[in-house]
Structures are given as C-alpha cells and as structure tokens.
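Values in this text are rule-based calculations from the coordinates and carry no lab data. Just so you know, these numbers come straight off a predicted model, no measurement behind them. All Cβ positions, even for glycine, are placed from backbone atoms using ideal geometry, and neighbour counts span all protein chains on display.
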Amino acid sequence: MISEAVTGLSALICGGLLVTWPDGSAIGLPLFLLKTSPFDNFFIPGLILALVIGGSQLTALLAGLSNLTSAGRRTLMAGVLLVGWIIVQVIMIRGFSWLHLIFISLGVFQIIYGAKNTGKMKGLAGCDVL
C-alpha cells in the first residue's frame, strides 16, 4: 500500500502542477521535452497523470485500506496503467531518466503483488480469508 500512496500522491500533485502551469516550470520540465510528442504543453499530460495514474493508484490504496476483495485487482490495474504510462512517456519524449526506472519498478511490483492477491480479502489480523 505504500507504493500506491507514494505513486498516487506524486501523480496527483505533479499532474495538478502541470495542469496549473502547463509550461512545466512548476516542476522544472522544459517544453522541449514535448517536441517529439503530439502535445504543445503539459496540460493534457498533466490531466492524464493526475486523473488516470493518480486516481487509479489512490483507488487501489483505498481498496486495500478498506480490505475490499477487489484490492488486488485494483492494484494490478493501477500497476498496468503506471507501466503503460511510463512506456508511452519514454517513447514520446525519446528519453529515459532515473525517475522512469523508479516508477516502472513500482508498477511492475504492483502488477506482481496485485496478481498474487487478486480475489483475496484480509481479515482483521491481516490473514488471508479467501
């Protein structure tokens, strides 16, 4: 659940900053990064980052905190979306940074963890009950 919290809050905050300042200046992203992408500024990427990536991560976090049986599935989907986001981002900007490595690793971890825990519900003691 820590990975969903960190990734979700990061995506929500950074996405919000990109929507508010679409020139990327709020988080130090130069517009030239978008020269090989279909975007003129960071508004649409920021919106996608905040709503899709941040939203899916925080939904997975809330499902896990609520011990919902869908928590594993939600974590799996959040991980798939995160890995997909990073792959598309790297292709579009034609570059790779250490942050890409960190977030793609978190996404892969979420995919593995989510697949392993799909359909399981945790009891009060943290034991698998289904």
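Distance in nm between label sites at L101 and L51, each 7 Å beyond Cα in the beta-carbon direction?
3.4
Ranked highest first by the average count of other Cβ atoms within 10 Å around their residues, in what order do 90-103, 15-28 fall?
15-28, 90-103
So, how do all the Cα-to-Cα distances of the chain break down into 5 Å bins, in percent, from 0 on up?
In order of increasing distance, the bins hold 2, 12, 19, 22, 17, 11, 8, 5, 3, 2, 0 percent.
Does anyone have the angle between helix 71-93 and the longest principal axis of the chain? Alpha-carbon axes, 0 to 90°, nearest 10?
20
In degrees between 0 and 90, to the nearest 10, how far off the longest principal axis of the chain does helix 2-20 point, with axes built from Cα atoms?
30
Tilt of helix 55-65 relative to the longest C-alpha principal axis of the chain, in degrees (0 to 90, nearest 10)?
20
Which order, highest average first, do 59-67, 72-80 follow once you tally other Cβ atoms within 10 Å for each residue and take the mean per peptide?
By packing density, highest mean first, the sequence is 72-80, 59-67.
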